[in-house]
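Q: Here it is, the structure, as structure tokens.
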Amino acid sequence: MGQSARGALLIPATSSNRPFPRALPTGSLATKKLVPYTTMTNRESRSGTHRRPRVGLVLGAGGVLGGAWMVGALAALHRETGWDPREADWLVGTSAGAVFAALLAAGVPPARLLPPDLTSPEADRRWILLALQSSYRPDRWLPNAPVGSWRLAVAGMRQAPSSSSLLQVLGGIVPAGRVSADPIVRTVRQAVMSGWAAHPHCRIVATDYASGKRVVFGATGAPETGLAEAVAASCAVPGFFEPVSISGRRYVDGGLHSLCNLDLLESSELDVVICFCAMTSRGRQGRSGPVQRAFHSVLSLAVEQRDRHARALINRGVDVIILEPAPRDRATMGVNLMDPRRWGTVLEAAETSVARQLRRRRVATRLGATRTAA
């Protein structure tokens with residue numbers, strides 16, 4: 001992969017802005033138990049030496065307002081724990097989360113993801129254009145074919161019923177989107193002009209628009225492409241964004257396979273995994289119409305899938321921390337996750353609610369030093 005380019009908008013590109021961890025010893029993972037802290041083997045305990053834990057950061061789907069929630073959540077994580085998300089050993093981004101996984105992998109600090117002033121009309125217009133994504137407009141008004149990808153719909157029908165199969169059917173049936181993903185490409189290119197980020201383990205997830213197969217850009221065997229193009233593909237919500245063409249194939253939202261794609265980290269020998277899942281909430285849903293109820297039913301299947309992936313990590317000795325919007329955050333976000341007008345309100349709500357979650361669950365302690373073999 002190519003080296004990252006200078007961060008023209010968000011940060012000056014110096015070596016100090018890319019604090020990627022050096023390779024650490026690969027001692028045994030923690031004892032296979034569900035515990036609130038990262039455990040250690042007997043050999044590690046006897047050695048008496050310390051290291052920081054190996055951490056994976058997973059940023060899931062969520063649309064425009066889910067992205068706003070994640071920006072606030074990342075700011076809260078940095079402020080409350082002192083841990084810099086850029087130091088994650090692994091970064092996995094899906095859909096909206098792909099934007100922020102890519103920017104973190106490029107060395108953009110969490111504070112620079114925030115607007116200069118949420119209330120000032122003199123706020124940096126370039127930031128509003130790129131981060132608020134308020135410039136999204138259809139490039140053309142001619143109607144598309146009534147079915148966007150019948151092959152994607154058929155691929156979903158052939159699978160056993162699940163959240164991913166249902167989302168693939170729906171994603172194939174709706175007409176192809178008309179909104180260009182160029183604003184997303186421009187956003188990422190201000191941190192990485194071409195090629196991939198310097199971070200060794202940045203993974204961006206998309207879905208093949210014809211086969212329905214998951215494609216993990218940045219992984220061995222994946223199609224070669226730039227980071228910006230991979231992020232655009234991951235964000236291409238069917239029916240809203242145009243599919244993104246890469247190496248002769250078209251790709252759409254990685255969330256069609258999984259909201260978070262936690263399972264990608266099962267073989268990564270991590271101690272802690274932090275997962276931001278902006279589309280789910282543990283609170284009860286209020287009154288809603290039949291369309292919203294159907295959506296929540298599909299979402300509940302997606303949550304079951306995510307929780308299975310989390311349990312698989314826990315069974316490997318990984319401390320898994322899932323952070324999601326509080327009921328009040330969800331009410332602030334509303335039904336239309338692609339509406340940028342509530343960006344600032346959602347961001348502020350996330351900073352407050354996620355800070356509470358982090359303190360209540362002692363995440364700062366769980367990100368503290370562990371022991372390892374010398």
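The values are calculated or read from the model by the stated rules, or taken from the named source; none is laboratory data. Since we're looking at a predicted model, the values are computed, not measured. Virtual Cβ from ideal backbone geometry, glycine too; neighbours counted across all protein chains shown. Heads up: the accessible areas ignore ligands, DNA and RNA and are worked out on the full protein's heavy atoms, side chains in. Shrake-Rupley method; radii C 1.70, N 1.55, O 1.52, S 1.80 Å.
Q: Taking N as the number of residues in segment 69-116, what value does Rg over Cα atoms divided by 2.2 N^0.38 Å take? Could you put the intermediate results ahead of the total?
A: Values: Rg = 9.9 Å, N = 48, 2.2 N^0.38 = 9.6 Å.
Dividing the Cα radius of gyration by 2.2 N^0.38 Å gives 1.04.
Q: Fully extended, how many nm does the chain gain between Asp182 and Ala219 (0.36 nm per residue separation, minus their Cα-Cα distance)? Intermediate results must be reported in sequence, preceding the final value.
A: Values: separation 37, 0.36 × 37 = 13.32 nm, distance 2.35 nm.
Using 0.36 nm per residue and subtracting the Cα-Cα distance, I get 11.0 nm.
Q: Could I ask something else about it? Using θ = phi - 60° and the Karplus relation 6.51 cos²θ - 1.76 cosθ + 1.60, list the HN-Hα couplings for segment 193-207 in order, rounded to whole Hz, with x at every Gly or Pro.
A: For segment 193-207, the Karplus curve yields 5, 8, x, 10, 5, 5, 4, x, 9, 9, 10, 10, 9, 9, 10 Hz.
Q: Another one. Quick one: 3J(HN,Hα) in Hz for segment 237-244, Karplus 6.51/-1.76/1.60 with θ = phi - 60°, rounded, Gly and Pro as x.
A: 4, x, x, 10, 8, 5, x, 9
Q: Okay, moving on. Applying 1/(1 + (r/R0)^6) with R0 = 35 Å to the Cβ-Cβ distance of Ser162 and Val335, what FRET efficiency is obtained, to the nearest 0.05?
A: Working: r = 24 Å, r/R0 = 0.67.
Using R0 = 35 Å, I get an efficiency of 0.90.
Q: I've got another one for you. Compute the length gained on full extension between Arg112 and Arg308: take 0.36 nm times their separation in residues and subtract their Cα-Cα distance, giving the result in nm to one decimal. Please report the intermediate quantities before stating the final value.
A: Details: separation 196, 0.36 × 196 = 70.56 nm, distance 3.39 nm.
Taking Arg112 through Arg308 to full extension adds about 67.2 nm, to one decimal.
Q: Quick one: ranking Met70, Met193 by accessible area, 1.4 Å probe, largest first, what do you get? Before the final figure, lay out the partial values.
A: Numbers: Met70 0, Met193 110 Å².
Result, largest first: Met193, Met70.
Q: Which shape class, rounded, prolate or oblate, goes with segment 209-349 when its Cα gyration tensor gives a ≥ b ≥ c as root eigenvalues, a/c under 1.5 marks rounded, and past that a/b bigger than b/c marks prolate?
A: The shape class here is oblate.
Q: For Glu348 and Val154, what does the FRET efficiency come to when R0 = 51 Å and r is the distance between their Cβ atoms, rounded to the nearest 0.05? List each step's numbers first, then the result.
A: Working: r = 44 Å, r/R0 = 0.86.
Efficiency at R0 = 51 Å is approximately 0.70.
Q: Set the Förster distance to 25 Å, then compute FRET efficiency between Val298 and Ser247 from the Cβ-Cβ distance, nearest 0.05.
A: Details: r = 30 Å, r/R0 = 1.22.
Rounded to the nearest 0.05, the efficiency is 0.25.
Q: Given H placed on each backbone N at 1.01 Å, which residues far from Gly317 in sequence or on other chains put an amide H within less than 5 Å of it?
A: Correct list: Lys33.
Q: Which residues among segment 208-246 fall inside the zone where the amide N is under 20 Å from a point 7 Å beyond the Cα of Ser194, along Cα→Cβ?
A: Taking a point 7 Å out along Cα→Cβ of Ser194, the residues of segment 208-246 whose backbone N falls under 20 Å are 218, 223-233, 245-246.
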